[in-house]
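Visitor: First the structure, which I've put down as structure tokens, then a few questions once you've had a look.
The values are calculated or read from the model by the stated rules, or taken from the named source; none is laboratory data. What you see is a predicted model, and the numbers here were worked out from it, not measured in a lab. Every residue, glycine among them, receives a Cβ derived from its backbone with ideal geometry; neighbour counts consider all protein chains shown.
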4 protein chains.
Amino acid sequence: MEAFSDGVIAIIITIMVLELKVPEGADIHALRPTIPFFLSYVMSYIYLGIYWNNHHHMLHATTRVNGRVLWANLHLLFWLSLVPAATAWLGETGSAPVPTALYGCILLFAAIAYTILQNAIVRCQGPDALLATAVGRDFKGKVSMGLYVTAIPLAFVNRWLSDIIYVTVALMWLVPDRRIESRIEQRT
Amino acid sequence: MEAFSDGVIAIIITIMVLELKVPEGADIHALRPTIPFFLSYVMSYIYLGIYWNNHHHMLHATTRVNGRVLWANLHLLFWLSLVPAATAWLGETGSAPVPTALYGCILLFAAIAYTILQNAIVRCQGPDALLATAVGRDFKGKVSMGLYVTAIPLAFVNRWLSDIIYVTVALMWLVPDRRIESRIEQRT
Amino acid sequence: MEAFSDGVIAIIITIMVLELKVPEGADIHALRPTIPFFLSYVMSYIYLGIYWNNHHHMLHATTRVNGRVLWANLHLLFWLSLVPAATAWLGETGSAPVPTALYGCILLFAAIAYTILQNAIVRCQGPDALLATAVGRDFKGKVSMGLYVTAIPLAFVNRWLSDIIYVTVALMWLVPDRRIESRIEQRT
Amino acid sequence: MEAFSDGVIAIIITIMVLELKVPEGADIHALRPTIPFFLSYVMSYIYLGIYWNNHHHMLHATTRVNGRVLWANLHLLFWLSLVPAATAWLGETGSAPVPTALYGCILLFAAIAYTILQNAIVRCQGPDALLATAVGRDFKGKVSMGLYVTAIPLAFVNRWLSDIIYVTVALMWLVPDRRIESRIEQRT
């Protein structure tokens, strides 16, 4: 399952760049229309990198898998697979309100799917398992979801605020989940 | 072979989203034309998820591989590789009769290819092997094929009935193949 | 190296289907223009399947790798990566003379690259190694190259004859390289 | 991490060929507009092959990984993911000054990212580790960066000189990093 998920995330992250249109024209001005897409590409790249990082750490701490976990994992990958299209729409419209809100919705659903997957793995492995103690009450996950829920309606008031929130959440997660990492290191 | 197949299915599942056109325009109405494609994307995603799941379980129960198995596997992947294009046609035409029937044909050929692969693996490993006893008479596989055969002509009478049949088959398979899973657990 | 090569071939085989245009229109006639592409897709799929199969067997019999082998491998993957574009051109022009000849050139260069890779691996492992004895004088490889060399100019006389030759070579290789397979089985 | 990186590079290398437009028309003249793209495709293919090769060697010599290394790796993959779009722009404009300079910038940033990754791995493993002694003062890396820095402004004076520099650097790296390779062989 780890290899398959890594594969899917690797493909999503790479396929996203296909949405980057080759500039029409050969001078420096031709690059301008690609800038908003480029910025949203960078943001989505970081988000997918975060998911890959944490997902990778989580699956490493996973020793048992059942059908529920497999489908929770596919559910997460489903929402992540929508990121490239949402990124392209966000970039092409220069972060218009509806695309900005939709982008937040997809991030929110991905975050929810991640939590469901986490719970499915914890339930499958028992409350004493490594992951359960490492995740704890998942404060960072809950804050992220709260911020997404704030950013989505805010896109219709001031879309730049929404973008700032998305960037903030990304920065908050840039460090891989030290809780799991440190626990694993303690054990080995 | 497992890694290659996982890779191919991972790519098919992800490439499918490339068919999702970025909406033209920046408001909520621009999203409307993408809804039928989105729905067919969800259905195909679930189908490919089911194939990945069961295929993965089947290959795990496989200990010996020969040339016949390798080609039966490539044959299955061939039909699965046509799913993205069929999904796009289904979505773009709003489930018109011909695309609906064609979608069913591809599902039918994939199901036949899966059965051929299953038989090739069983024959390669001998009738007493784990997989042979786990698969048994493959009731669920036969029912699915019967339903596809019904849905294909039905698309020209009432295409929504065909779509309902496709969704029903998907739901029927959403649970991974417990027959194999439980046998494996008994052994380990 | 095996995983990387498997990955690249898996991606090439899947990406090829992206060239398959979604039919414009929703009736049975809309499918017609896709038929020539579909046929060339089937042929290229089988060719790439053959390469995957034999390449996989060859790397399994490989125990030592050096820089020369790595680059010989990338060289083979380069020619295989051109197959999707050549297939699309062949299909879209209904097998016109130039695309038919170009398709043969790419098959020829891929075959030459495969031979170079084979020799590089044999040289790296020594003449007594498993692969060296298994490959022998590589009769089938030489016949294929001879047939490609015949088919390329023939495309300008009668392109259907060239297509028949391509199909013949594919059928000739459909069975995985039994020479290596049987030797491996003898040893294990 | 090795499998994920290999996967991403495999996808980037293959996706690049998607930018190769199928010629419009069926005769030999239709091939002409694709020649500049083809040449830039060959160059980028070799560059990505070099990165894959050296990256692969480096990760093989890596025994410990931390969060800093993971992100340094994603940073490198980010710049490599921009290579296909830059290649397409370079090819479509027949190596116009701005695309030529941009191509050099991406190569430069990728080279910097590779150095950062190398340092992060060395710091993570300690100065006595295999990689640290193998890399030494990284003369070849510094020369490459110097050449890129020269080639970028030169594109506005004589773009062909820039292209020659890019090809020269590629040739310089075509051999995998023997320093690491030979040290590893000494140890095993």
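Visitor: Looking only at residues in the stretch C:10-24 that are within 28 Å of residue C:164 (Cβ to Cβ) and outside any helix (DSSP H, G or I), which one is modelled with the highest pLDDT?
Guide: For the stretch C:10-24, the residue satisfying everything is C:23.
Visitor: In this structure, does residue A:88 turn out to be small (Gly, Ala, Ser), facing another protein chain (nearest Cβ under 9 Å), crowded, with 18+ Cβ neighbours inside 10 Å and under 28 Å from residue D:99 (Cα atoms)?
Guide: Taking the combined requirement at face value, the residue satisfies it.
Visitor: Sticking with this one: Scan the stretch C:29-53 for residues that are in a helix (DSSP H, G or I), free of Cβ contacts under 8 Å to residues at least 24 places away in the same chain and either farther than 18 Å from residue B:83 by Cα or within 16 Å of the chain's Cα centre (by Cα) (or both) and report the count.
Guide: Going through the stretch C:29-53 one residue at a time, the tally reaches 2.
Visitor: Of all residues in the stretch D:17-47, count the ones that are more than 9 Å from chain C (Cβ to nearest Cβ), within 17 Å of residue C:73 (Cα to Cα) and among the hydrophobic types (A, V, I, L, M, F, W, C).
Guide: 1
Visitor: Which one is modelled with the lowest pLDDT among residues in the stretch A:130-188 that are out of contact with any helix residue (DSSP H, G or I) (no Cβ under 9 Å at 6 or more places or on another chain) and outside any helix (DSSP H, G or I)?
Guide: A:188
Visitor: Give the number of residues within the stretch D:25-67 that are over 30 Å from residue C:91 (Cβ atoms), at pLDDT 85 or above and surrounded by fewer than 17 Cβ atoms within 10 Å (Cβ to Cβ).
Guide: Qualifying residue count, the stretch D:25-67: 0.
Visitor: Of the residues in the stretch D:1-28, how many are without any contact (Cβ under 8 Å) to a residue 12 or more places away in the chain and of a type in the set (D, E, K, R)?
Guide: Summing the residues that are without any contact (Cβ under 8 Å) to a residue 12 or more places away in the chain and of a type in the set (D, E, K, R) in the stretch D:1-28 gives 2.
Visitor: If you don't mind, there's one more thing I want to ask. Could you list all residues from the stretch A:5-16 that are more than 8 Å from chain B (Cβ to nearest Cβ) and among the hydrophobic types (A, V, I, L, M, F, W, C)?
Guide: Residues satisfying the conditions are A:9, A:10, A:13, A:16.
Visitor: Moving on. If residue B:114 meets every condition in (1) part of a helix (DSSP H, G or I); (2) within 11 Å of another protein chain (Cβ to nearest Cβ); (3) touching a residue at least 60 places away in the same chain (Cβ under 8 Å); (4) under 18 Å from residue B:151 (Cβ atoms) apart from one, which number is that one?
Guide: (2)
Visitor: Going residue by residue through the stretch B:95-111, is there one that turns out to be facing chain C (nearest Cβ under 9 Å), at pLDDT 90 or above, part of a helix (DSSP H, G or I) and closer than 10 Å to residue B:40 by Cβ?
Guide: Among the residues of the stretch B:95-111, at least one is facing chain C (nearest Cβ under 9 Å), at pLDDT 90 or above, part of a helix (DSSP H, G or I) and closer than 10 Å to residue B:40 by Cβ, which makes the answer yes.
Visitor: Also, I was wondering about something else. For the structure I just gave you, tell me whether residue D:97 is touching a Lys or Arg at 6+ places or on another chain (Cβ under 7 Å) and in contact (Cβ under 8 Å) with a residue 60 or more places away in the chain.
Guide: yes
Visitor: Yes or no: the stretch D:53-75 includes at least one residue that is farther than 27 Å from residue A:58 by Cα, within 11 Å of chain C (Cβ to nearest Cβ) and out of contact with any Asp or Glu (no Cβ under 7 Å at 6 or more places or on another chain).
Guide: Checking the stretch D:53-75: at least one residue is farther than 27 Å from residue A:58 by Cα, within 11 Å of chain C (Cβ to nearest Cβ) and out of contact with any Asp or Glu (no Cβ under 7 Å at 6 or more places or on another chain).
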